[in-house]
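Novice: Sending over a structure as structure tokens; questions will come in a sec.
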Amino acid sequence: MNLTAFSAPSLQAAYLRTLPAIRERCSNVHAMAQQGKLEYFDYSPDHELSVVNYCLEIMKRDFPAADGGVDFASIPPHGRWRHLDAGKSRIAPLMAKWDDERESPVSEKEKCKRLIDLFLVSVLLDAGAGNQWTYNESDGESYSRSEGLAVATVHMFGQGLFSGSATQPHRVDAQGLSQINESRIATAMQVSDANPMVGLSGRTSLLVNLKTALESNPRFFGSDARPGNIIDFLESELKLDGSSLRVHVSSLWGVLLEGLAPIWPARYSIGGVQLGDVWPCSVLATVGQAEGDDFVPFHKLTGWITYSLIEPMEKILKWKFDGIEDMTGLPEYRNGGLLIDFGVLTLKPGLQALANSASGVPCLPPSHGAVVEWRAMTVIELDRIANGIRRQAGVNSCDLTLAQVLESATWKGGREIAKRLRPLTGGPPIEIESDGTVF
């Protein structure tokens, strides 16, 4: 590629949409924290060991080994699959139904396409639902937050809510999404005055915009405008390594960043390029800087989609993904809440003064400088916590991946400590004014 053909703003915009940029820019914020220069938080690295020990105890409890330690091999990666199976298995029975489709046998590739359809839509609907909303299954079981949203999505998918095919309800395509509106989503998710959901409008907009994205990118999503068709595109990126089929994670990341770009609300842009989940951070601002030098990219929902889609492709198609080390921990309020609740990050007085009188915690939009600092610190601290767990347990990053740490320890730990410290709501130490498109 001839980089001289591109302007500096174009290069900056392209950089901010890459995976490595997330860790690099967040590291810059972390360096400022080490110098005591954050605007909204004080950083106490000596409290990291408490987080590591807390996480290890959770891992020992939930994934016990015979010797009293952790059975690391039994820990699944972080992904939407676990939430879709909350309380009981739902994906395996769904796939068993496909095996019974006698008129037209379902190939492994088509099974994977259907799961990608489901998983992608489910992640897009996964932004924080608030403290009051729940979803009730017909067996009487009730689910809230991420698990509730996931379970609701399984039922919506099973009912053909996202499909435009009269003969195949179990898919997502542009034609099916063209029938989506806020009323249908509210009904399917059991939203009412007595069961309110935060960010319902934003969630619906993502699905409506997904239709446009699918239709606008046939290179990725095919002529029938379907998420699962990214498998066809990625097949062209596969490399044969002995008996293994390998693809670099940057190929999947690029499809999701470029292919799904139309779904995100217009926020910050550089050179006419909309950046998505990218925000300015005041502590990185310098005199005479180039445009975007103070921006920090997160791309949380894209990261969550990436983690979630890798799993079915590895399990069903037996593909291997290279470059996974470029993936970061997810900068969201469970992982980040763990840091505040254990004192790794302490709110400075100006931020404490914003606490809501009813909840006792600040409630801020994603654009607020405190949220940007918090998320940047979360990305790097998740790396540090993962390394701390490995040191304590005597394992390496091959034995215990970052995705496994997110699944077995930090996300779950953030939820559990929040429930202990704030039993009325179980909410995070900083509430987010969610529109359903970031968190």
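The values are calculated or read from the model by the stated rules, or taken from the named source; none is laboratory data. None of the values given here were measured: they were computed from a predicted structure. Heads up, the Cβs are rebuilt from the backbone with ideal geometry, glycines too, and the neighbour counts pull from every protein chain shown. In case anyone asks, the SASA skips ligands and DNA or RNA and just uses the protein heavy atoms, side chains included. Shrake-Rupley method; radii C 1.70, N 1.55, O 1.52, S 1.80 Å.
Novice: Show 246, 420, 171, 334 ordered by accessible area, largest first, where the area counts protein heavy atoms only and the probe is 1.4 Å. Kindly include the intermediate steps, with their values, before the conclusion.
Specialist: Numbers: 246 70, 420 160, 171 40, 334 5 Å².
These residues rank, largest area first, as 420, 246, 171, 334.
Novice: Indicate, rounded to the nearest 5 percent, the antiparallel portion of the DSSP beta bridges found entirely in the chain.
Specialist: Working: 17 of 23 bridges.
Looking only at bridges with both residues in the chain, the antiparallel portion is about 75 percent.
Novice: Express the accessible area of segment 46-98 per residue in Å², computed with a 1.4 Å probe while the remaining protein chains stay in the model. Walk me through the numbers on the way to the answer.
Specialist: On the way: 2450 Å² over 53 residues.
With the other protein chains kept in place, segment 46-98 gives 46 Å² per residue.
Novice: About its Cα centre, how strong a charge dipole does segment 1-121 have in debye, to the nearest 20, once Lys and Arg get +1 and Asp and Glu get -1 at the Cβ? Display every interim value, and only then the final one.
Specialist: On the way: 16 positive and 17 negative charges, 84 e Å.
It works out to roughly 400 debye.
Novice: So how far, in whole Å, is the C-alpha centre of segment 322-357 from the one of segment 166-193?
Specialist: 34
Novice: According to the square roots a ≥ b ≥ c of the eigenvalues of the Cα gyration tensor, what is the shape class of segment 50-206, taking rounded for a/c under 1.5, prolate for a/b larger than b/c otherwise, and oblate for the remainder?
Specialist: Numbers: a/c = 2.30, a/b = 1.30, b/c = 1.76.
Cα axes put segment 50-206 in the oblate bin.
Novice: First compute the accessible area of the chain with a 1.4 Å probe, then give the percent of it belonging to carbon and sulfur atoms.
Specialist: Details: 9170 of 18000 Å².
C and S atoms contribute 51 percent here.
Novice: What order, most packed first, do the peptides 27-39, 182-194, 347-359 have when packing is the mean number of other Cβ atoms within 10 Å of each residue? Can you show the working numbers first?
Specialist: On the way: 27-39: 15.8, 182-194: 14.1, 347-359: 12.2.
Going from most to least packed, we get 27-39, 182-194, 347-359.
Novice: Using only helices, what value at 222 nm comes out for the chain when you add -39,500 (n - 2.57) per DSSP H run of length 4 or more and divide by the total residues, to the nearest 500 deg cm²/dmol?
Specialist: Numbers: 19 runs with 204 residues, N = 439.
Calculated at 222 nm, the ellipticity per residue is -14000 deg cm²/dmol.
Novice: Sticking with this one: For segment 22-108, what class follows from the C-alpha gyration tensor (a ≥ b ≥ c being the square roots of its eigenvalues): rounded when a/c is under 1.5, otherwise prolate if a/b is larger than b/c, else oblate? Mind dumping the intermediate values first?
Specialist: Details: a/c = 3.99, a/b = 1.92, b/c = 2.08.
Oblate is the answer for segment 22-108, as a/c is 1.5 or above yet b/c matches or exceeds a/b.
Novice: Can you give the charge dipole size of segment 214-308 about its Cα centre, rounded to the nearest 20 debye, using +1 on the beta carbon of Lys and Arg and -1 on the beta carbon of Asp and Glu? Please report the intermediate quantities before stating the final value.
Specialist: Values: 6 positive and 11 negative charges, 31 e Å.
Result for segment 214-308 is approximately 140 debye, rounded to the nearest 20.
Novice: Of the listed pairs 97/239; 315/419; 109/239; 320/412, which have alpha-carbon separations greater than 23 Å here? Don't jump to the answer; show the numbers that get you there.
Specialist: Values: 97/239 32 Å; 315/419 34 Å; 109/239 17 Å; 320/412 27 Å.
As for pairs spanning more than 23 Å Cα to Cα, those are 97/239; 315/419; 320/412.
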